[in-house]
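Notes follow the structure.
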Amino acid sequence: MKAQVVIIELITVVAILIVAIATLLPSLSYKDRWSDANLLLTERDIILTADRIGNLNSIAFNSGAFQNFVSQVVSNSGIIFWASAQGTFGPKITVACNCTSSQISELNQWIGTFELNQRQISLDFIPATLDNIPSSDVLFIFGFKNIEPYKSNLLNYLANGNGIVQMVNLQQNDITPAYTQIFGLVGCTEGSSSCGVGSSQTDTINPITNASTPYFEQYQLFYHLPQPIVAQNLVSSFPTEGNIPPCNQTQIYNGNFTIQASNSYNFWICGSSVYFDTNQNNRADKILVARQNFTLGTFNFFLSYVGQNYIYIAFRPNYTFSNFLNASTRVSPVNEENNRVFVSGGNYPGHSGDPIPAVVVNGTTVKIAWLADFTNQEVGDDEKLLLASLIFASANTNRIQVPFGTLQKGLITSYIGATNYDMFELYRVDVGAGYPF
């Protein structure tokens with residue numbers, strides 16, 4: 001009997017030892033991570049295939065085009081795919097607008113939709129207050145606001161990578177510490193020996209020397225971003241002169257391209273051609289097609305796109321505005337940093353080195369801009385494009401693309417893309433893939 005007890009005790013001790021060893025010394029296991037490798041290889045194949053057939057620009061900015069492309073090149077594998085582009089403008093720029101409802105309506109008419117590098121980009125203006133700025137890419141302040149009480153809120157907004165643009169005529173007493181800190185502005189008496197009115201009748205876009213010029217991006221956009229002009233009048237015919245043949249269409253759209261406040265040029269859209277009245281006598285004397293340079297007066301332009309009832313026109317250097325700088329607006333960049341003056345209306349008298357600013361930019365990582373209010377005269381297409389260029393340049397281009405639903409596992413492959421149809425753009429496209437369960 002005692003022997004049996006001993007045997008049972010030995011068996012129990014051995015069992016305990018086996019359990020202890022298994023617990024303390026777990027068995028080795030190997031994972032091949034093939035599922036991860038398969039996701040990454042598939043993402044890479046999608047990107048390289050799209051790039052080599054010239055389709056990368058399309059799928060990077062259009063989720064519908066991306067999903068359609070994936071369905072053609074990848075078999076049904078139960079994998080969820082998504083894509084996003086970083087570092088440039090997405091399909092929609094959300095503009096938090098500290099404006100009235102009528103001002104938002106005007107802005108939508110002026111600069112609501114653009115076409116850049118063969119893709120549409122819309123500016124979505126949403127109402128905002130300075131103490132409660134909604135989620136957005138850029139803040140636009142239309143008119144004068146005392147920003148001093150909201151300085152902390154505005155700085156927090158900038159810290160998230162968003163930009164600020166304000167259009168307002170500023171006087172000496174309007175410049176507070178908040179304006180100096182955020183917009184880099186001081187009253188003209190601090191930056192010039194005189195605040196007198198200059199003799200210039202135009203506002204000039206200052207030239208750039210290299211890509212490090214503070215307003216390089218704004219300059220690049222103004223001279224490459226095509227401005228939309230809608231032809232609102234439907235006519236059946238129009239007169240021509242010289243050797244210009246008549247339009248053989250019966251549905252013709254007529255519009256006006258306005259520059260320098262009131263300098264208006266008639267145009268008629270005839271199919272894929274655009275007839276222009278370049279000498280302003282209400283008779284067409286030039287025929288253009290898309291992707292063609294042309295001249296109006298002494299300024300150079302480029303016809304970027306032609307639609308049924310709209311055209312897009314890009315400006316070319318060197319352009320000057322009719323003077324929209326209000327006589328009461330007299331400011332200077334802080335510390336006489338005149339290299340931040342994008343547009344100027346001459347120079348302060350007696351101090352020829354200091355320009356009279358009409359547009360001043362600020363910031364490097366985050367873009368900020370102030371411009372004088374040009375709505376005190378008839379608003380031209382040139383001024384609309386100037387405002388759009390500042391908003392585009394100040395917009396946050398770092399977006400977070402959330403995949404569909406909740407994924408058990410997901411991986412992302414990044415790739416550098418470039419396009420140069422209207423303007424050179426360099427961007428990063430992220431293609432993600434994951435398993436839903």
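The values are calculated or read from the model by the stated rules, or taken from the named source; none is laboratory data. What you see is a predicted model; the values in this text were computed from it and never measured. FYI the Cβ positions are ideal-geometry reconstructions off the backbone, even for glycines, and counts take in every protein chain you see.
The figures follow:
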| item | result |
| --- | --- |
| Complete set of residues in region 3-49 that are of a type in the set (A, V, I, L, M, F, W, C), modelled with pLDDT of 70 or more and within 60 Å of the chain's Cα centre (by Cα) | 34, 37, 39, 40, 41, 46, 47, 48 |
| Close pairs from region 75-88: first at positive phi, partner at pLDDT below 85 and surrounded by 20 or more Cβ atoms within 10 Å (Cβ to Cβ), Cβ under 6 Å, at least 6 apart | none |
| Candidate set from region 68-93 (those that are touching an Asp or Glu at 6+ places or on another chain (Cβ under 6 Å) and not β-branched (Val, Ile, Thr)); member that is modelled with the lowest pLDDT | 84 |
| Selected residue (only one of 140, 144 is in the same structural domain as residue 363 (by TED's automatic domain parsing), outside any helix (DSSP H, G or I), within 16 Å of residue 394 (Cβ to Cβ) and aromatic (Phe, Trp, Tyr)) | 140 |
| Single residue of region 236-268 satisfying the filter (polar (S, T, N, Q) and part of a strand (DSSP E or B)) that is nearest to residue 314 (Cα to Cα) | 258 |
| Cross-chain or 6+ apart pairs with Cβ under 6 Å, region 122-135 first and over 16 Å from residue 151 (Cα atoms), then among the hydroxyl-bearing types (Ser, Thr, Tyr) | 122/113; 124/94 |
| Unmet criterion (only one of (1) assigned to a loop (DSSP other than H, G, I, E, B); (2) touching a helix residue (DSSP H, G or I) at 6+ places or on another chain (Cβ under 9 Å); (3) hydroxyl-bearing (Ser, Thr, Tyr)) for residue 84 | (1) |
| Residues of region 342-372 that turn out to be surrounded by fewer than 19 Cβ atoms within 10 Å (Cβ to Cβ) and in a loop (DSSP other than H, G, I, E, B), as a count | 9 |
| Unique residue being surrounded by 17 or more Cβ atoms within 10 Å (Cβ to Cβ) and either in the same structural domain as residue 195 (by TED's automatic domain parsing) or at pLDDT 95 or above (or both) when the list is 411, 385 | 385 |
| Residues of region 154-190 that turn out to be hydroxyl-bearing (Ser, Thr, Tyr), touching an Asp or Glu at 6+ places or on another chain (Cβ under 9 Å) and surrounded by fewer than 22 Cβ atoms within 10 Å (Cβ to Cβ), as a count | 1 |
| Matching residues, region 38-69, being acidic (Asp, Glu) and either exposed (fewer than 14 other Cβ atoms within 10 Å of the Cβ) or under 17 Å from residue 427 (Cα atoms) (or both) | 51 |
| Test: residue 394 is in contact (Cβ under 8 Å) with a residue 24 or more places away in the chain and surrounded by fewer than 22 Cβ atoms within 10 Å (Cβ to Cβ) | no |
| Residue match in region 321-330 (condition: among the charged types (D, E, K, R) and either closer than 13 Å to residue 382 by Cα or assigned to a strand (DSSP E or B) (or both)) | no |
| Evaluation of residue 65 against (1) within 22 Å of the chain's Cα centre (by Cα); (2) in contact (Cβ under 8 Å) with a residue 24 or more places away in the chain (one fails), failing number | (2) |
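Let's see how each residue does on (1) aromatic (Phe, Trp, Tyr); (2) surrounded by fewer than 17 Cβ atoms within 10 Å (Cβ to Cβ); (3) modelled with pLDDT of 95 or more; (4) not assigned by TED's automatic domain parsing to the domain that holds residue 377:
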site: 210; (1), (2), (3), (4): no, yes, no, no
site: 257; (1), (2), (3), (4): yes, no, yes, yes
site: 269; (1), (2), (3), (4): no, no, yes, yes
site: 286; (1), (2), (3), (4): no, no, yes, yes
site: 290; (1), (2), (3), (4): no, yes, yes, yes
site: 303; (1), (2), (3), (4): no, no, yes, yes
